[in-house]
Amino acid sequence: MEQVTGRFAPSPTGPLHLGSLVAALGSYLFARSSGGRWLLRMDDLDTPRVVPGVADDMLRTLEILGFSWDGQVVWQSRRVDAYAAALNELQLLGMVYPCGCSRAEIARLASAPHGLADELAYPGTCRSGLPQGKEPRALRIRVPLDEIEFVDGIVGPCRQRLQEVCGDFVVRRSDGLFAYHLATVVDDAASGVNQVVRGADLLPSTPRQIFLQRVLGLPVPDYCHLPLVTGPGGGKLSKRDSAVSLAQGRDLKREGGALLLNALRFLGQPLPELPQHAPVSEILDAAVDCFRKELIHSANGPFPL
Ligand code: GLU
């Protein structure tokens with residue numbers, strides 16, 4: 001059987017928070033419990049949103065918490081040539097077209113969001129050529145009419161019609177940056193990632209990524225979407241909830257073990273029997289040994305503190 005390769009891919013647009021800890025730990029447990037590799041990638045492609053210093057803080061925080069990754073950290077900001085090559089392939093296939101619509105125009109024309117936060121299905125205005133007077137802004141990919149289906153390792157069978165949820169989506173943004181979906185499938189394939197474990201906020205994006213993988217002839221990894229940590233108001237925890245930043249107001253060297261145990265509890269895992277104040281690396285090793293995927297539930301909830 002092929003060795004599992006998992007990964008954790010935070011965006012350094014704000015400090016790691018409790019939700020990031022769950023994603024890091026969940027992906028680590030899945031990969032390591034099957035003797036697999038666990039890679040670390042910095043999704044620092046969205047340069048206007050990257051906060052200076054955050055990526056280094058993230059690496060330090062992960063180290064303090066005892067996580068060790070295989071190989072070098074991959075920095076998306078250094079991989080634009082690979083994304084350009086993939087875009088070129090899509091262009092050669094005739095799947096990409098320039099779009100001259102602004103967000104406001106799309107918002108005016110798009111059908112009501114399809115139950116997914118902030119999501120407006122692109123109405124296809126520029127699909128058969130830029131209307132007169134419009135300047136090209138972003139590049140979009142034509143999506144198919146049929147449903148994309150996959151089985152998530154935690155959530156179960158999923159299906160989505162891209163046309164309804166997002167329509168032809170952006171692969172290169174109007175500011176010239178490559179879009180996250182394109183970058184992530186290119187990187188996952190280039191690093192041999194065959195297991196993607198991440199927060200359920202990305203579940204609605206997964207069919208877009210599977211579609212891109214199919215078009216580009218890339219392998220489709222196994223997907224597992226973890227329950228989300230909810231914030232003080234019961235909604236999705238956000239990087240803006242500064243109180244939930246991992247490092248802020250916490251002595252991670254002292255409290256890291258307790259945080260890991262709480263993250264294990266959040267994931268429904270049995271707590272390893274270890275002496276109090278056991279080093280984080282021992283907690284992680286023991287958690288890997290007793291990891292049971294089937295105990296992870298799919299309901300979101302608050303982080304037990
Ligand atoms: N960088 C993305 C985020 O922090 C996650 C990417 C992924 O796991 O595919 O939301």
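Here the dipole of the chain is about 640 debye; that uses its Cα centre as origin and unit charges on the Cβ of Lys and Arg (positive) and Asp and Glu (negative).
Translational diffusion of segment 45-158 was estimated from the Stokes-Einstein equation, with Rh taken as the Kirkwood radius over Cα pairs; at 4 °C and 1.567 mPa s the coefficient is 70 µm²/s. Within segment 117-206, the GluC sites (Glu not before Pro) that combine a DSSP coil assignment with at most 16 other C-beta atoms in a 10 angstrom radius are Glu119, Glu147. Most tightly packed first, judged by the mean number of other beta-carbon atoms within 10 Å of their residues, the peptides 231-237, 191-197 read 191-197, 231-237. Here the calculated FRET efficiency for Arg265 and Ala190, from their Cβ-Cβ distance with R0 = 41 Å, stands at 0.70, rounded to the nearest 0.05.
Would you mind counting up the charge near Ser174? Only other residues with Cβ under 14 Å from its Cβ, with Lys and Arg at +1 and Asp and Glu at -1. Net local charge, Ser174 excluded: +2.
Here is what passes the span test in the chain: the DSSP H helices with alpha carbon length of 20 Å or more along the helix axis and a Kyte-Doolittle mean of 0.0 or above are 18-33, 252-266. Work out the P(r) tail for segment 145-222: percent of alpha carbon pairs separated by more than 13 Å, whole number. Beyond 13 Å sits 68 percent of the P(r) for segment 145-222.
Above 22 Å lies some portion of the pair distances; for segment 174-293, what is it as a whole percent of all C-alpha pairs? For segment 174-293, the fraction of Cα-Cα distances above 22 Å is 54 percent.
Converting the Cα gyration tensor eigenvalues of segment 101-253 into ellipsoid dimensions via √(5λ) gives semi-axes, longest first, of 29, 21, 16 Å.
Between amide H atoms placed 1.01 Å from N, distances below 5 Å from Trp75 occur with Met42, all of them 5 or more places distant or on a separate chain. Measuring spread by the Cα atoms of the chain yields a radius of gyration and Dmax of 20.0, 71 Å.
We did not get these values from a lab; they are worked out from the coordinates using the rules stated. What you see is a predicted model; the values in this text were computed from it and never measured. All Cβ positions, even for glycine, are placed from backbone atoms using ideal geometry, and neighbour counts span all protein chains on display.
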